1. In segment 179-187, is there at least one residue being β-branched (Val, Ile, Thr) and in a loop (DSSP other than H, G, I, E, B)?
2. Given Arg170, Arg144, which one is more than 20 Å from Ala118 (Cα to Cα), touching a residue at least 40 places away in the same chain (Cβ under 8 Å) and part of a strand (DSSP E or B)?
3. What is the residue count in segment 144-165 for residues that are open to solvent by 70 Å² or more (accessible area, probe 1.4 Å) and touching a Phe, Trp or Tyr at 6+ places or on another chain (Cβ under 8 Å)?
4. Do we find that Ala168 is modelled with pLDDT of 95 or more, surrounded by 14 or more Cβ atoms within 10 Å (Cβ to Cβ) and not polar (S, T, N, Q) in this structure?
5. Just for strands (runs of 3 or more DSSP E) wholly inside segment 21-114: which have at least 2 residues that are surrounded by fewer than 21 Cβ atoms within 10 Å (Cβ to Cβ) and not β-branched (Val, Ile, Thr)?
6. Write out, first by first residue and then by second, each pair whose Cβ atoms fall under 8 Å of each other, whose residues are 6+ apart or on separate chains, and whose first residue, in segment 220-231, is within 15 Å of Val112 (Cα to Cα) while the second is part of a loop (DSSP other than H, G, I, E, B) and of a type in the set (D, E, K, R).
7. Can you report the number of residues in segment 115-141 which are closer than 16 Å to Arg156 by Cβ, of a type outside the set (Ser, Thr, Tyr) and in a loop (DSSP other than H, G, I, E, B)?
Amino acid sequence: MTPAHGPGPGLALSPEPITADPPHLAGPTLLTQSWLDLAFLHWAVDPAEVAPLLPPGTVPDTFEGATHVGLVAFRMHRVGWFRLPGVPYLGSFPETNVRLYSVDEHGRRGVVFRSLDASRLLPVAIGRWAFRLPYVWSKMAVRRDGDTVTYTSRRRGPGPRGARSALAVRIGERVTEPTALEHFLTARWGLHTTALGRTRHLPNAHPRWPLHRAELLSYDEDLIAAAGLTRPPGDPVSVLWSPGVPVRFGPPGRNPQARTPAGPYAPEAGRAPAPRRPGAAS
């Protein structure tokens, strides 16, 4: 029997490899969307702090002994059901999420959203009801001036009302060879969430990230604290930007056979990305 939060931050089950390209997305496409103009900010945090915040049956996914909290700001573009054309107005809006990194008892890596601020009320309601995701309604804007992009957000509800973020990045050079940490933080092919009393893994697929390194010009936020985490001290350990990718989500798949215990959990150090396909972009 798996404990409420897996075997704890010190032990876990053998995780799947980190791959730059997505695994095959089995089953029909449930959702389509594009994620555009993304800023990825990440801080290293103690797995022991993160473990109680994850769904049952999952543990913190770690890199060199630390897990990470991500603040990811972007534009959602044309969310659509199945393979129907995406909705131009209601399906397009700024979003900022606070996310953690998880691995489940079947070895599947994913993200866990602690909050998702979005500026359209109807998608917020659908996300909370249909997918049990912690969407909240916020006043938001994304603006680009040359190579500088600014993202602002102020929460309307549900609470804590007034939680905010304001950040600006300057886009730098294209990343031709992502580091192991950059792969670990961005090559995530699913999310873990709790619905109807069960932890579920919702897979996604998209092309390889076109990543750029970025300079953090300014940031002021309390979304991380509002998500139940201690605000990490100091600057982020990683700041990246991407013009974006088209994304497909599939249905929760059948649980594969659980993997065997791996002992002390430091899986990522020996996990290299899959070999690059001829002609594939980074």
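The values are calculated or read from the model by the stated rules, or taken from the named source; none is laboratory data. All figures in this text were calculated on a predicted structure; none of them were measured in a lab. Positions of Cβ are generated from backbone atoms using ideal geometry, with glycine treated the same way; all protein chains shown enter the neighbour counts. Note: areas computed on protein heavy atoms with side chains; ligands, DNA, RNA excluded. Shrake-Rupley method; radii C 1.70, N 1.55, O 1.52, S 1.80 Å.
1. Step one: of segment 179-187, the residues β-branched (Val, Ile, Thr) are 179, 186.
When the remaining residues are screened for being in a loop (DSSP other than H, G, I, E, B), the result is 179.
Yes, there is a match, as at least one residue in segment 179-187 is β-branched (Val, Ile, Thr) and in a loop (DSSP other than H, G, I, E, B).
2. Values: Arg144 fails: more than 20 Å from Ala118 (Cα to Cα).
Result: Arg170 is the single residue among Arg170, Arg144 that is more than 20 Å from Ala118 (Cα to Cα), touching a residue at least 40 places away in the same chain (Cβ under 8 Å) and part of a strand (DSSP E or B).
3. Qualifying residue count, segment 144-165: 1.
4. Values: modelled with pLDDT of 95 or more: yes; surrounded by 14 or more Cβ atoms within 10 Å (Cβ to Cβ): yes; not polar (S, T, N, Q): yes.
Against the criterion (modelled with pLDDT of 95 or more, surrounded by 14 or more Cβ atoms within 10 Å (Cβ to Cβ) and not polar (S, T, N, Q)), Ala168 qualifies.
5. Values: elements: 31-45, 58-60, 67-81, 93-104.
Hits in segment 21-114: 31-45, 67-81.
6. So the pair list comes out as Ile224/Arg231.
7. First, the residues of segment 115-141 that are closer than 16 Å to Arg156 by Cβ: 115-125, 127-128, 134-141.
The next check asks that each one be of a type outside the set (Ser, Thr, Tyr); those that pass are 116-118, 120-125, 127-128, 134, 136-137, 139-141.
Narrowing the set further to residues that are in a loop (DSSP other than H, G, I, E, B) leaves 120, 134.
Total satisfying the criteria: 2.
Residues checked against (1) within 16 Å of the chain's Cα centre (by Cα); (2) under 26 Å from Glu64 (Cα atoms); (3) open to solvent by less than 10 Å² (accessible area, probe 1.4 Å):
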{"site": "His183", "(1), (2), (3)": "yes, yes, no"}
{"site": "His201", "(1), (2), (3)": "yes, yes, no"}
{"site": "Arg213", "(1), (2), (3)": "no, yes, no"}
{"site": "Leu217", "(1), (2), (3)": "no, no, no"}
{"site": "Arg231", "(1), (2), (3)": "no, yes, no"}
{"site": "Val239", "(1), (2), (3)": "yes, yes, no"}
{"site": "Ser242", "(1), (2), (3)": "yes, yes, yes"}
{"site": "Val247", "(1), (2), (3)": "yes, no, yes"}
{"site": "Pro252", "(1), (2), (3)": "no, no, no"}
